[in-house]
1. Any residue in segment 157-181 that's among the acidic types (Asp, Glu): show its pairings with residues that are modelled with pLDDT under 90 and crowded, with 18+ Cβ neighbours inside 10 Å at Cβ separation under 9 Å, as long as the two are six or more apart or on different chains.
2. Would a scan of segment 203-216 turn up a residue that is free of Cβ contacts under 8 Å to residues at least 40 places away in the same chain, in a strand (DSSP E or B), surrounded by fewer than 16 Cβ atoms within 10 Å (Cβ to Cβ) and not assigned by TED's automatic domain parsing to the domain that holds residue 150?
3. Report every pair of residues separated by at least 6 positions or lying on different chains whose Cβ atoms are under 8 Å apart, first residue within segment 996-1018 and closer than 12 Å to residue 957 by Cα, second modelled with pLDDT of 85 or more and among the aromatic types (Phe, Trp, Tyr).
4. Quick one: which residue in 841, 883, 817 is assigned by TED's automatic domain parsing to the domain that holds residue 898, of a type outside the set (Ser, Thr, Tyr), farther than 27 Å from residue 533 by Cα and assigned to a loop (DSSP other than H, G, I, E, B)?
5. Out of all the residues in segment 643-653, which are in contact with a Lys or Arg (Cβ under 9 Å, 6 or more places away or on another chain) and either farther than 30 Å from residue 444 by Cβ or among the β-branched types (Val, Ile, Thr) (or both)?
6. All but one of (1) out of contact with any helix residue (DSSP H, G or I) (no Cβ under 8 Å at 6 or more places or on another chain); (2) modelled with pLDDT of 90 or more hold for residue 232; which doesn't?
7. Of all residues in segment 280-328 being of a type in the set (Val, Ile, Thr) and either closer than 22 Å to residue 257 by Cα or touching an Asp or Glu at 6+ places or on another chain (Cβ under 7 Å) (or both), which is surrounded by the most Cβ atoms within 10 Å (Cβ to Cβ)?
8. I need the full set of residues from segment 305-358 which are aromatic (Phe, Trp, Tyr), over 20 Å from residue 276 (Cα atoms) and assigned to a strand (DSSP E or B), in order please.
Amino acid sequence: MKKMLCPLKACLKFVFTSQKIKCKQLSLLVFLSFLWGTTVQAQRMPVSANLQLLAPYSPYLQDYVKPGAERLKLHLLLMDLAEPTYDVRLQLQIEGAGIKISTDPQFQPVPITLESGMTASLPGEEIWDYFDSRHLLFSGISRQQFERSGGTLPEGFYRFTVRVMDYRRPEVALSHEATAVAWIALGDPPLLNQPHCGTELKLYEGQQAVMFSWTPLANSPSAVINTEYEFSLVEIRGDLPPAAAFETLPPLYQTVTQQSSLLYGPTEPELQPGLTYAWRVRAMDQEGRELYKNRGYSKVCSFRMAEEEIFVSAPLLLQVDDEAENRARVQWEEAELAEGYRVEYRKTGSEDYAWFGQEIAEDKLILFNLEPDTEYEVRVGSKRKGMVTDWTDPERFRTLTRQIYVCGQKIVPVPINNTVPLASAMVGDKIQVGEFEMVLLKVEGGDGIFSGRGSIRVPFAGFNLYVKFDGIRINENREMISGEVEAVTQGVGKAVEDWLNGKDPQLPSEDEESPSDPLDNIGDKIEVPGEIDSVYVDEDGKVVIVDTEGNTTVKERPQDPETGAPAPVIVSDEQGNTYVVDKNGEVKKVENQNGNTPTPNGSLDSLQLYVKFKAPPPNPALPQYGFDAYEHPSQQRHYEQIVLEDAPYFVPWKSVATGRTDQVLALLSGDTSRFEQVQWKGVMQTTPGLKDGQLQLTVQGFGHEEESEVLAYRKEGEAEVPLGKLNVISYDQEYRKLYLVSVNGTSYPYNYPSLQDSLNRIFSQAVVRWELGPLQSLEVPEVDFVNGSFDDGSSGLLSNYTPDMRKVVRAFRKANPHFDKDALYVFLVRNSASDKEGFMPRKQRYGFLFTDQFSSQPGFVKTLAHELGHGAFRLKHSFEQYPEDRENLMDYAERGTRLRKYQWDLVHDPVAVWGLFEKDEEGELVSEYKYKELDLASEVDIHKYISGEEITYITPGGELITLSKEAKPSFTGVTHVPEIDTQVSKGILLAFREGSMLWRSRYRIPKDLGSWEFMGYVNAAGDYYPGAS
């Protein structure tokens, strides 16, 4: 009969129950552990597995098992010397970028036969059938989608895992997981070098000789070797844009080369003087695979052949002077025959920095909006007939360091000698007003004299002061040289008072004496007693108001008398808290400031046209990630602020999983008939929304924690006028596992199958998915639930587990020695000593929910998600920093489930948890055994325990530890706590010495000297012995 391998725990069972199946490699100590009643946990597996992935990492799954590719190697070693050969199979799993691919359990592969003591090195081609899509299960992507893409994985970080399984019992694992990771990314298209875009070229000594060159941007050197380049050139006549020329015109010349340069000589088609030409390069894999972004196409560049061989040389004597914190003056000597110039500048330090340019007809230019204490380089090109013919060498300069001012510091004015007037100004320009910088929010005038409004950032206070000015004089350096700038409405004193109270002073309306109130236009009002906790609209369209005492008031929404549609309504309480329910059912809390109630984005309602964003209605068929819009002034620092005409605009955030897409609604405020004027950047697709004035936008997730933006704008001549903006951040999909454990018959009173979906709807905001395991049960006789006897820490601040909680955790670990250490466990208990609903310390695996405190499933789900926020992601209570954010998941408000963008970041990059009150070990003692080395020759016949070159022992925690036979063990000794010495079974490994290093067992002991816990073996430096804790 064929002998079967088995994990150690299973083998122990077979020793006592089976006459046919048994494992021979059990030491005497393992057998004795059964006599002592000590729990045994396997540490070694019969097969050792090691997986290697070799770069470059291809997105094509079949590349890893292609003959001769040598991209994957699997090493297997059968360590059971009692089995000459053994048949096994593999279990493959690939996870990352929001998808999961694993071996189909129904797949019947050819057995892999291992020989005892011999390492089997399997190249990828020998396990190719495990990578065949017909033998795989797909999650996050369908098999059809995978195959239609040619068998490619989306870009992202992936974990490849292989586990060896018993061939005849596929559910029995024979090895630990062998894991390798890979960052799969498409290469970038080539970067075009020469000739520069927009350059004018001339014939070289009457001969046609143009050198084209580009830089390969493949993701590995080997990829460059296997890449060839398709060079294409088109001739443009008329006003056809260069990029469009490739879509409509046949190439004038096209060839394929493996070099990164090409000489276009006299034997190629002639380039005509006065005509414009466009060129591009496509990187192509020699085997026809798509390994590059944009199908390998570079951007399109154009150049113009000079007429009559007229060539304008670059300007001479380029110099930079008059540097300041954020500006510099560039001057040069005019070039003969030049019709104008193009000035380009960028930061130094990386060739990836983009050039910013400006066209000018004169021989000087002042560069504005530079960064302080930063080195830049600038170049100037001569232009003729709209094309740059030649560039100067770059000239480097450095801006001045920003001067830091503090409140009370005496400021010495710097004299301004430049009186050349500024020709024109526009919204967004920065003007130097004394030692402060003013951003123009509204401006009119010209030729050096301007009036309007602006915003000044007070650096030592950290707030914006809104100002007005009338007839001030500004010079060409954008410095105010005469006039006055005044704080508007309440003045500087009131602005400072607001700032001290945690508010950012807001831009007032134009009518300073009688500001308008947006609430005046809403006629319907609902007033309730007490203090409002939350307001929402239920599924029936009714307004539900919940006060701080838990009382609920339900009101019908008013209707528009003309259309019959729901009308806006104001909800307020006795404390002055005010909420607005708009016609779409959205609820906004009004932030009252000095009786004037601006919208959350300031005075946006005064604009004729702008775009705002919101999350779309829930759609169970689509993954929906997070959306976070600015609401509370105290959270302003978490949002980018831009200016639209004369109004501040806080940019909302959208989350999306790496490599995935999601939808967001764009709403046009103002004249919705002008929606066709809106253009977009950063959007994959636009489709009509459910209502007029809405568009549904599809946005794309890129790399982990990579940010992108969506910009709405309209064209005004050649200028792009911004109308709104959305910031998008991508995260790798994170997976977590959760088990609920019923303690002493405590039931889960709601719909258990729907609980996982409810959690995922909440945590999908942060790109996290939960897998809910089957409901488990646990009996703990040491605790009871009679008359509030379960200790929930009501006697003081609860930051650690109470004695009753510790009893539950110990009982669970004792009953489940092989519990999933990657999962979280929440125990369902009841009859707590107070009205607490749940508890889970930050950075801990175990939590508790008191089921008798809940009257509905939404309340249970909110509390469970809240506690998981603590335990899984170390999130703090939101009210500690932002008490007004009542809808936050980490607030105590019953229905608040929102996660903000700053919390999304913490979920994927949890903060470290330190401090006495965060530790589970609070109020405990730690003790170690004193080492007593045995004389092996006289005191014990250690050879009875030897199996080969290793010896297996029992730890005080009931687990197995295997050491070299050269290690010197100790089975006797004492701790600093005599009561413990009598509780440890005799024959347990208490300490050992490996070489010169001594390792002693360490224990965690409660002050009441109750049940102790084995922590591991520790050396003098405090390091723990690996694999024994």
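The values are calculated or read from the model by the stated rules, or taken from the named source; none is laboratory data. Note that the structure is a prediction, hence the values are computed from the model and not measured. Cβ atoms come from the backbone with ideal geometry, glycine included; neighbour counts cover every protein chain shown.
1. If the second residue must be modelled with pLDDT under 90 and crowded, with 18+ Cβ neighbours inside 10 Å, the pairs left are 166/4; 166/5; 166/6.
2. yes
3. As it stands, the answer is 1001/1017; 1002/1017; 1017/992; 1017/999, since those pairs meet every condition given.
4. 817
5. 651, 652, 653
6. Tallying (1) out of contact with any helix residue (DSSP H, G or I) (no Cβ under 8 Å at 6 or more places or on another chain); (2) modelled with pLDDT of 90 or more, residue 232 fails exactly one: (1).
7. Of everything passing the filter in segment 280-328, 281 is surrounded by the most Cβ atoms within 10 Å (Cβ to Cβ).
8. Those that are aromatic (Phe, Trp, Tyr), over 20 Å from residue 276 (Cα atoms) and assigned to a strand (DSSP E or B): 332, 345, 356.
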